[in-house]
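Throughout, read-outs are computed from the coordinates displayed, never taken from laboratory work. Note that this is a predicted model, so its numbers are computed, not measured. Cβ: placed from backbone, ideal geometry, glycine included. Neighbour counts: every protein chain shown.
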Amino acid sequence: MDAVLAARGLRKVFPDGTVAVDGVSFEAGRGLTVFMGPNGSGKTTTMRMSVGALRPTAGEVEACGHRVWGPEGWRARACMGYSPQDAPFRDRLTALENLVWYGLVRGIPLGEARRRARGLLELVGLEGGASKKVAELSGGMRRRLAIAASLMGDPEVLVLDEPTSGLDPGARLHLWRLLRRLAGERAVVVSTHIPAEAEEHADRVYIFHRGRVIAEGPPASLIERHAPRARIVAEGSMPERPPSVAGAVLVEWNPGRAVYATSDPDGALPALVEGLLAAGARLERVEVRRPGLAEVYLALTGEAPAGVSGGG
Ligand SMILES: Nc1ncnc2c1ncn2[C@@H]1O[C@H](COP(=O)(O)OP(=O)(O)O)[C@@H](O)[C@H]1O
Ligand SMILES: [Mg+2]
């Protein structure tokens, strides 16, 4: 991967002594890079240091070949678009006016800012809301406007802090699809505390835990490396003795329920069902439970990640 944003050994100690980030390194190139971790794990602080909004206590960040905190820092900052968790808008201006304003403060001339703003509203699917006041936009529309605003400078890198938090599942999916589309042409870095979202949409995930990155990689390889085996759960009425099944290990057996663990659920499933039926089981339901990034987090930290039950 050709990294357009890369950080080495980032560390932040706040004046009150809080060590918010403790040696984080990452690389983001074209595609969707997701910072996943519970609240307080250091995602926002890492992003703010990376985009030039918060000075690191130690460590280096490079964007588009320039050091963010070096003498050419403005070049690095100019190639990034950043949207904080609650992007500030002028509520009494319209969506279009807000974007134009974002363009003007970036030094884009008025006519060009208008042209770009209209194009971006269309890109993020907000063309219908152009003349609505920001106060009248739904949560999902507001997030899409924030993304449009961060695109006004035509950045190579887009850094978005929890763009989907607080949205309903439909609006979340809509937003992730937009992010995927944007990530086809540039580096997009997004944070989320919901493992299922990272798992489904990320090209590459950095798992944050207490100010550190504890694992990184494509979701599938993280799951393969760190997650426990899949489970096949059979419910119904079980015979006295469990059958032994090739490629699966019995982990629970009682009159109403059998659970087998396997690293090859698709291969083991037919043999398992056959074995249970041959042994005299009456099956009402058979379910394969595949582990995901939530199980990876649990396996690595011993703590349940946030957003598991509420995750979409
Ligand atoms: N300005 C600050 N002063 C002191 N501590 C802070 C400050 N900002 C964040 N923190 C602390 O740093 C840690 C990481 O926070 P943050 O980067 O916001 O995590 P996340 O975005 O993953 O929720 C938390 O313990 C948080 O309370
Ligand atoms: Mg945060």
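Observations on the structure shown:
- Shown is the FRET efficiency for ASP91 and ALA279, computed with R0 = 51 Å from the Cβ-Cβ distance and rounded to the nearest 0.05: 0.15.
- Note on the chain: helix-only mean residue ellipticity at 222 nm, from DSSP H runs of 4+ residues weighted -39500 (n - 2.57) and normalised by residue number, equals -10000 deg cm²/dmol.
- Sorted by Cβ neighbour density within 10 Å, fewest at the top, the residues PHE14, PHE208, PHE26: PHE14, PHE26, PHE208
- Cross-link reach list, aspartates and glutamates versus LYS43, counting only Cα pairs under 13 Å and skipping chain neighbours closer than eight places: ASP22, ASP161, GLU162
- Each Cα pair under 8 Å and six or more residues apart adds its sequence gap; the mean of these over the residue count of the range 5-225 is a relative contact order of 30 percent.
- FRET efficiency, ARG8 to GLU185 (Cβ-Cβ, R0 22 Å, nearest 0.05): 0.25
- GNM flexibility winner over the chain from ALA230, ALA28, ALA271 (Cα, springs under 10 Å): ALA271
- Here LYS133 is the anchor, and the aspartates and glutamates within straight C-alpha reach of less than 15 Å, apart from those fewer than 8 places off in the same chain, are ASP91, GLU97.
- For GLY81, distant residues with modelled amide H under 5 Å away: VAL157, LEU158, VAL159
- Counting DSSP beta bridges with both ends in the range 90-240, the antiparallel % (nearest 5): 60 percent
- Take every DSSP beta bridge whose two residues both sit in the chain; close to 70 percent of them are antiparallel.
- Span from the the range 190-254 Cα centroid across to the the range 103-179 one, whole angstrom: 35 Å
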